[in-house]
Every structure is written in C-alpha cells, then in structure tokens.
Amino acid sequence: MAYKRQATREQQTAREAPIHTGRCCDGAFDDIERLSQVLHYAFQPIVNVHTGRCHGVEALLRGYQSLGFDSAVALLDGARQSRRLDELEALLRELAFGAFARLEGLPGARLFLNVDNRSDCQQGLSPEALVEHLARHGLRPEQLVLELSERHDIMQQPSRLELLQACRRHHMRLAIDNFGVGHAGLMRLHDLRPDYLKIDRHFVAGLGGDHRRKLFVAHMASLAHTLGVEVIAEGVENEHEFHACCDIGSDLVQGHLIQHPLTACERLRDVYEHIADLRTTEGRSDDEESRFLSEQISQPPILRPEMLMTDALTMFRDHREHSFFPVIDDDERPLGVLHEQALRLSMYSPFGHALLKRHRVADQMARLVRVIPSAEAGTPLSRLLDLYHQQEDTTAGGEGVFATCEGRYQGLWRAATLIHAIQRRDMHRARDENPLTRLPGNRSIAREVAARLGRRAHPWCLVYFDLDNFKAFNDRYGFRQGDRVLMLFGQLLSAHFADSGCFVGHVGGDDFVLIMDIEDYDIARTRIAALQEDLRQEALQFYDEASRQRGYLDGTDRFGAPRRFPLLAVAAAALCLHPCRRSREESDIEACSALLKCVAKESDSGLGFASLR
C-alpha cells in the first residue's frame, strides 16, 4: 500500500480517484531518468504472527515531496496526466528491484511491490519482461509479490487479468491490497485467486474492542483461508490490535508495532523477537489439544507442479492406499490436492490419455487440482473445523486441512483426524461439564484462569454471576422450574458472549463465570447490563400472573420470617485484570471477586466493577 497509505481519506474511499498533482509541477516528467536521483524506497517488514520471522518487505515510495507532490498517489496521477505513467512505473520497478537486491540478512524474504492498475500492462509487466528484469538484479520470480491497488477497477479488463495470471504461472505472486475498501472487494478475491489478502487498516484499528468489527474481519480471514489465501493485517500499531489479529486468524502482520518504514535497511531484521515474545506470553488455552493435533499431522507423498501427469499416474499405482496427493510448489507452499478419481475421469475422456502424456501437473492446476484450506501448526481445533466445513464440498474428497509452518507445507490434517479430535475433545469436556447447562465446570474454569494469568499479554475480565432471590423462587415453584431458570441463564450467557476471546462456565448452583478479553470498559459494562436486562424480562414467564403484577414474591427467609422477595435478577461482579510484570495468585483474584459480589448485590444496577493493575 505504498501509494495509498499517504493518500487523503477522500482518495482512499473514492470509487475512481480523480487526478491529484499536488502543486501541479509542470515539467516534472520531462526527464524520467532524472527522477531516479530523487525518488527512492523505504521498506517495511511483514512478519509471521507465530514466529516473528520476516516473510517479506513492502516497498514504500519516498522523495516525491521534493518534486512538489504531496503524496505518492499524486505523483502517479500526475504521471498519468502527462502520459508518462508507464515510464514512471518502469523506473519505480528498477529502483525497487535494485534496493531489494541490496538487502542483506533476510533469507527467503519477498518483495511486495505496488503496481498501478492503469498502466499499460503490455509494457514492462509482461511475465517474460519481469523475469528478465528480476534476473538482472539477481532476483528470482518467486521473490516478487505484485500488490494490486484498490483505487482502480481491474476486473473489467480481461487482458490485464490474463497477464496477471500469466505472472502467477511464472511463479510470481499476487496480493490484493487494502481489502474491503474501494475496488478491493469480493469479486476481485474470487476472480484473481490471489496468494495474499491484505486487510485494510480501517478494519484493524480498534479491532480488539469492537465485537462487530472483529466478527466481520474474522469472516474475511476465514473466507480467504478456505480459498487457500494467506491473510496479512495492515497497520498494526499496538499489542491489543496484534492479539486481535491473531484471534481472527491473520497469518502475517505489518505496521508500526513491528517496525516503521526504513530507508536505513541495515536495521531490518530476519526475526522480530518482540513479536515472537508476544505470542509466547499469549500462550494457548489447551496445550494438550495442540500436542495431539501436532502428532496427528500425516505426510502423504507429494506432487510437484513441474512433474508430468504420467508421473502422477505412476505414483497412484505405486501408492494405492492413497486416493489423493498434495501438490506442493518449489517454495514448499501447498497449492491443492490431485484426486485419483479426477485423473481417471480425465483419462476416460476422448484423447484423454494422449493429452495427459504431454502435460505437466502445473498445466492441469485449474482443471484437476482442488484447493483446500491451510492453517499454521498450533491452530486451535475450533478454527480447523471452521476451515474444513467452509470448503465448497467436504463430501467430494474429505481431504482435510493443510498444516503449515510460516506458510510452508508440513503435512495434512485428514478429515478422519479432525473427527477423532472432536470426539476426544467432547469426551474430555463431558467429564467436567455441568450436567444441567452443559457448560464447562470448575476444572475447566480453573484451567482457563491459570492460562490467562500465565499469558500476561493483554487486559481481560473475570465476571462472576449470581442469581438474586433464586432460593425464594425455588421454594415457591420447585426445583424443576429452578432448573429451567438456570438453563435459561446459561443459554443467555452463551448467546451474549459467543465471540472469540470469551469463555463461559458454570461453577454450580446459581453461580456462573464469564472470562473475556477487554479493551473498552464502557462496552463491557453495556454488554453485561444487556444480559442482566434480558434475564429480567425472560424470567417473568416463570412467575404466576399475580406475582408478575405485584413485582415481588411472598415467601419466608432463612430464619422463617415472612418477607417480600423481588423478582429474579442477576448480580455481576466484574474484575478487570491488566498485564503486569509480577505474577498474581488465584487466591487474590477470588478474594477481590468475593468482595465485588457483595458490592454488586447492594448496587442498584446489580453490577460491581473494579480493575486490578
């Protein structure tokens, strides 16, 4: 997003941005070669969220101010107005390739380079010309990622689309920049079949504290993964945003939290330890599940794109226990799976066998190779299941999900493995879940609290819920109705806090627990208050008409004295815990929560709220 990042908000959201030339520098493009003395590139790293390793760098244009332009967008628009856009783009590629070739200490890193969708693709952007240009700088095609700007529509230009796909066939990669704004929408994701999807900063900003936004972005990422596309979160500026991006399934992140754009390229690093440390302190809620899934990764024989289709036939003959083989490129990235059945059906077609003899696996990718989703080793089972079920047709082959490490193929979680993991998880949960509400019980709650205390990564909230006047209700209407109230509250609690980052448990009796990530206190208060109000309204159905009209229930207290009891409500004691260097004891948290319960029961709102720093 080199060009767009410096644009104004109006330029970012425009359907087809108008031409902006800053101070309208006449003659700025009379001598294109002279611009090479002024323009240069800074690089910003794009890193893996799990390891902190630098996956690539984005080239960000600098020096346009000295030419009188207020942004890189204005520079490009001015070149187009002067009919010199193609020449400027060629110069920018030369500058970017040269600067990237001089980088040291970044093995395997890729160059993410913006291309202007309006330039004449036949001049300089043909795959053969790009391969030759890269070779002059000692670079390989697979090191280049072409980023397509959201500012201009490319979907109505079939010749350019075909040219971009030809670049992919020459092992270059494509990225959709600023997904979700401008022309970077679902049609582009579907038709371009990119390798990377860059989620715009608009959606990343404040992601952790906005449930609606987080849900929306999580679906974006899930859709991309289902199509075999890696997800990059742009503009990550703080730890809260980083953790939220990890929660929604981002594979890679870019932004000021990692490193500002650098012209002093010797400061770029192969591994960003502070990002790796963030993931280490975050921890995992279920290490046993993670270990089990790691042990279940299978490694069937693989096919390479350059192999002949006759070699694939030979492999199926020699390995009859396999009904499909993964197709993995030379960079160890999974491309899809080739089914024996699809191969046989192609052979049975007229001249099928003769045609296959002359073709490589790469030639049949679009027709015979089926794309399946990928996930990093260590991905939670729940996310693996989401990826598996979002495939176009899970009955077609039941292959499973590719397991990767930093995007490189490690093996495959087969469908049978995922089913086994579900059964195993459900069996463990059944041992601890409350038999009435089916919510996790005390052991699961204790594990979750211990895991959160061990992470010390970002703020979280522990909320104890206690039903008010529940004993009086039970005495009047019986335990069967009391059980129905408990089941109702368990369902309401689960429904109100169904988003990722939330854990709901049932301590026992009328005591429940909620553990959730928190960014904004006011949002947390509002969500808890909404739950309290829902219970008040829903609980009315369990009372007789006279009690509903009076607004109270006649009964006796624990000492046998007559008393009027208000209708059912729920008190909530919310304790917010912030990251800190020192460790906290669970007993301290329990003591604080017990005190907050008393405050909540005496409060008119039924809510006790406190922070522990």
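The values are calculated or read from the model by the stated rules, or taken from the named source; none is laboratory data. Given the structure is predicted, the values throughout are model-derived calculations rather than measurements. Here the Cβ is made from the backbone with ideal geometry for all residues, glycine too, and neighbour counts use every protein chain on show. With ligands, DNA and RNA removed, areas are computed over all heavy atoms of the protein, side chains included. Shrake-Rupley method; radii C 1.70, N 1.55, O 1.52, S 1.80 Å.
Of all residues in segment 466-486, how many are open to solvent by less than 20 Å² (accessible area, probe 1.4 Å), within 45 Å of the chain's Cα centre (by Cα) and of a type in the set (A, V, I, L, M, F, W, C)?
So the first thing to find is which residues in segment 466-486 are open to solvent by less than 20 Å² (accessible area, probe 1.4 Å), and the list is 467, 472-473, 482, 485-486.
Pick out the ones that are also within 45 Å of the chain's Cα centre (by Cα) and you get 467, 482, 485-486.
So of that shortlist, the ones also of a type in the set (A, V, I, L, M, F, W, C) come out as 467, 485-486.
Counting residues in segment 466-486 that are open to solvent by less than 20 Å² (accessible area, probe 1.4 Å), within 45 Å of the chain's Cα centre (by Cα) and of a type in the set (A, V, I, L, M, F, W, C) gives 3.
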Q) Has segment 267-285 got any residue that is modelled with pLDDT under 85, open to solvent by less than 40 Å² (accessible area, probe 1.4 Å) and part of a loop (DSSP other than H, G, I, E, B)? A) yes
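Given the criterion buried (at least 19 other Cβ atoms within 10 Å of the Cβ), part of a helix (DSSP H, G or I) and in contact with a Phe, Trp or Tyr (Cβ under 6 Å, 6 or more places away or on another chain), identify the matching residue among Val145, Val217.
Values: Val145 fails: part of a helix (DSSP H, G or I).
Result of the check over Val145, Val217: Val217.
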Q: Can you work out which of the residues in segment 165-179 that are more than 16 Å from the chain's Cα centre (by Cα) and in contact (Cβ under 8 Å) with a residue 60 or more places away in the chain is surrounded by the most Cβ atoms within 10 Å (Cβ to Cβ)?
A: Arg173
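Within segment 158-171, is there a residue that is part of a loop (DSSP other than H, G, I, E, B), modelled with pLDDT under 85 and either touching a Ser or Thr at 6+ places or on another chain (Cβ under 9 Å) or among the aliphatic types (A, V, I, L, M) (or both)?
Here is the first cut: in segment 158-171, the residues part of a loop (DSSP other than H, G, I, E, B) are 170-171.
From the residues that got through so far, the ones that are modelled with pLDDT under 85 too are none.
No, segment 158-171 has no match at all.
So in segment 423-435, with the set limited to residues that are under 19 Å from Phe292 (Cβ atoms) and loosely packed, with under 14 Cβ neighbours inside 10 Å, which one is modelled with the highest pLDDT?
Residues of segment 423-435 under 19 Å from Phe292 (Cβ atoms): 423-432.
Those left that are additionally loosely packed, with under 14 Cβ neighbours inside 10 Å: 423, 426-427, 430-431.
Values: Gln423: 87, Asp426: 81, Met427: 81, Ala430: 78, Arg431: 79.
Filtering first and then ranking leaves Gln423.
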Q) When only residues in segment 97-118 that are of a type in the set (A, V, I, L, M) and surrounded by 19 or more Cβ atoms within 10 Å (Cβ to Cβ) count, which is nearest to Tyr41 (Cα to Cα)? A) Ala99
Q) Which condition breaks for Glu519 when tested against (1) open to solvent by 20 Å² or more (accessible area, probe 1.4 Å); (2) out of contact with any His (no Cβ under 7 Å at 6 or more places or on another chain); (3) modelled with pLDDT under 90? A) (2)
(Q) Which condition from (1) within 14 Å of Gly56 (Cα to Cα); (2) open to solvent by 40 Å² or more (accessible area, probe 1.4 Å) is the one that Gln81 breaks? (A) (1)
Q) Quick one: Gly228 ticks every box in (1) part of a helix (DSSP H, G or I); (2) at pLDDT below 90; (3) in contact with a strand residue (DSSP E or B) (Cβ under 9 Å, 6 or more places away or on another chain); (4) open to solvent by 20 Å² or more (accessible area, probe 1.4 Å) bar one, so which box is it? A) (1)
(Q) Any residue that is closer than 27 Å to Ala166 by Cα, touching a Pro at 6+ places or on another chain (Cβ under 7 Å) and among the polar types (S, T, N, Q) - is there at least one of those in segment 367-380? (A) yes
Q. Of Ser500, Ser494, which residue is open to solvent by 40 Å² or more (accessible area, probe 1.4 Å) and either at pLDDT 95 or above or not in a loop (DSSP other than H, G, I, E, B) (or both)?
A. Ser494
Q: Starting from segment 301-312, take each residue that is over 24 Å from Arg414 (Cα atoms) and free of Cβ contacts under 8 Å to residues at least 60 places away in the same chain and list its partners that are part of a helix (DSSP H, G or I) and open to solvent by 50 Å² or more (accessible area, probe 1.4 Å), counting only C-beta distances under 7 angstrom and pairs at least six apart or across chains.
A: Thr310/Lys357
Q.
Under 8 Å between Cβ atoms, which residue pairs at least 6 apart in sequence (or on different chains) link something in segment 436-460 that is in a helix (DSSP H, G or I) and open to solvent by less than 20 Å² (accessible area, probe 1.4 Å) with a partner that is among the acidic types (Asp, Glu) and modelled with pLDDT under 80?
A. Val449/Glu586
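Every residue, every condition in (1) modelled with pLDDT of 90 or more; (2) open to solvent by 40 Å² or more (accessible area, probe 1.4 Å), yes or no:
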| position | (1), (2) |
| --- | --- |
| Pro566 | yes, yes |
| Ala569 | yes, no |
| Ala574 | yes, no |
| His578 | no, no |
| Ile589 | no, no |
| Ala600 | no, no |
Q | Residue selected from segment 189-200 under the condition surrounded by fewer than 22 Cβ atoms within 10 Å (Cβ to Cβ) and of a type in the set (D, E, K, R), by the criterion modelled with the lowest pLDDT | A | Asp191
Q: May I ask you to verify whether Ile419 is among the β-branched types (Val, Ile, Thr) and open to solvent by 50 Å² or more (accessible area, probe 1.4 Å)?
A: yes
Q. Can you tell me how many residues in segment 534-546 are more than 25 Å from Leu595 (Cβ to Cβ) and either in contact (Cβ under 8 Å) with a residue 24 or more places away in the chain or under 41 Å from the mean Cα position of the chain (by Cα) (or both)?
A. 7
Q: From the list Ala72, Ala42, pick out the single residue that is open to solvent by less than 50 Å² (accessible area, probe 1.4 Å), touching a Phe, Trp or Tyr at 6+ places or on another chain (Cβ under 8 Å) and within 25 Å of Lys198 (Cα to Cα).
A: Ala72
